[in-house]
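Reviewing the structure listed below.
The values are calculated or read from the model by the stated rules, or taken from the named source; none is laboratory data. This is a predicted model, so every value here is computed, not measured. Cβ: placed from backbone, ideal geometry, glycine included. Neighbour counts: every protein chain shown.
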Ligand SMILES: NC(=O)c1ccc[n+]([C@@H]2O[C@H](COP(=O)([O-])OP(=O)(O)OC[C@H]3O[C@@H](n4cnc5c(N)ncnc54)[C@H](OP(=O)(O)O)[C@@H]3O)[C@@H](O)[C@H]2O)c1
């Protein structure tokens, strides 16, 4: 049983998705580190989140330093930078995993490789499977949050009507990420192994198509028929 909350690093946390997740977790009492290729950009985003929440707990730094300090790293870089970003933090994550064999850092991959202009499901392997291959077995990878719309996350006045599908080959890591999602106000469900994440990536092609056709920015998915501990709305 964990007594303290894990430290969360949002790698590429200066864009659209990262700050939304950071807001939700900082508000829930997590120590959040914003990661970027540029420390100043990370610090500016952290400052903006602190100001919005009336906190001073969110900090910013370069991606590798953020990855080294975190218990859970959430990757929210633009799709085209997926490999480059993971390789830039690989040494930091592997060193951290070596230091803490029984509690390795987790990489959560929120990447959905779908083009907004022409939304089509990507071919396997899943982005998160590639991440696991690049990082090696000592760093568990979890695919999650690909279907959580940035616009919904950033609107703190509204509950999140978006369920999170969690795919990983490591059940212990899945449970930690499910708890993280719940603390951020989302229902989350274990949805099978890492290779299933290709379906979740493909699902975002449907969500982008829905957004475009119905002129909204918050299309998402809800799961029914599965018992869970629903979060309080
Ligand atoms: N937007 C959404 O609603 C949404 C929803 C669910 C999942 N996602 C997923 O979340 C991820 C981020 O989406 P986004 O819309 O937030 O993207 P974004 O705003 O376009 O970019 C996010 C960050 O990527 C970093 N980046 C850009 N080029 C890079 C490079 N060559 N190497 C390393 N980092 C680089 C930038 O950070 P720095 O310049 O600070 O390094 C940028 O702030 C994507 O994989 C997307 O599929 C997005």
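Here are some notes:
- Of the criteria (1) within 13 Å of the ligand (Cβ to nearest atom); (2) more than 26 Å from residue 169 (Cβ to Cβ), which one residue 77 fails: (2)
- Residue match in the stretch 162-170 (condition: at pLDDT below 95 and within 14 Å of the ligand (Cβ to nearest atom)): yes
- Looking at 128, 197, 181, just one residue is within 20 Å of residue 10 (Cα to Cα), out of contact with any helix residue (DSSP H, G or I) (no Cβ under 6 Å at 6 or more places or on another chain) and in a helix (DSSP H, G or I), and that residue is 181.
- Residue check for residue 89: surrounded by 15 or more Cβ atoms within 10 Å (Cβ to Cβ), closer than 30 Å to residue 213 by Cβ and modelled with pLDDT of 95 or more: no
- Residue 15 meets each of the listed conditions (1) assigned to a loop (DSSP other than H, G, I, E, B); (2) closer than 26 Å to residue 97 by Cα apart from (2).
- Within the stretch 1-12, the residues that satisfy the criterion of being assigned to a loop (DSSP other than H, G, I, E, B) and more than 9 Å from the ligand (Cβ to nearest atom) are 1, 2, 3, 4, 5, 6, 7.
- Residue 99 passes every criterion in (1) more than 21 Å from residue 135 (Cα to Cα); (2) more than 14 Å from the chain's Cα centre (by Cα) apart from (1).
- Residues that are buried (at least 24 other Cβ atoms within 10 Å of the Cβ) and either over 21 Å from residue 156 (Cα atoms) or within 8 Å of the ligand (Cβ to nearest atom) (or both) within the stretch 20-49 comprise 20, 35, 36, 42, listed in sequence order.
- Of all residues in the stretch 131-146 being part of a loop (DSSP other than H, G, I, E, B) and in contact with a helix residue (DSSP H, G or I) (Cβ under 6 Å, 6 or more places away or on another chain), the one that is farthest from the ligand (Cβ to nearest atom): 138
- Scanning the stretch 148-157 for residues that are within 15 Å of the ligand (Cβ to nearest atom), surrounded by fewer than 21 Cβ atoms within 10 Å (Cβ to Cβ) and either on the phi > 0 side of the Ramachandran plot or not in a helix (DSSP H, G or I) (or both) yields a count of 1.
- Yes/no for residue 66 being within 10 Å of the ligand (Cβ to nearest atom) and buried (at least 20 other Cβ atoms within 10 Å of the Cβ): no
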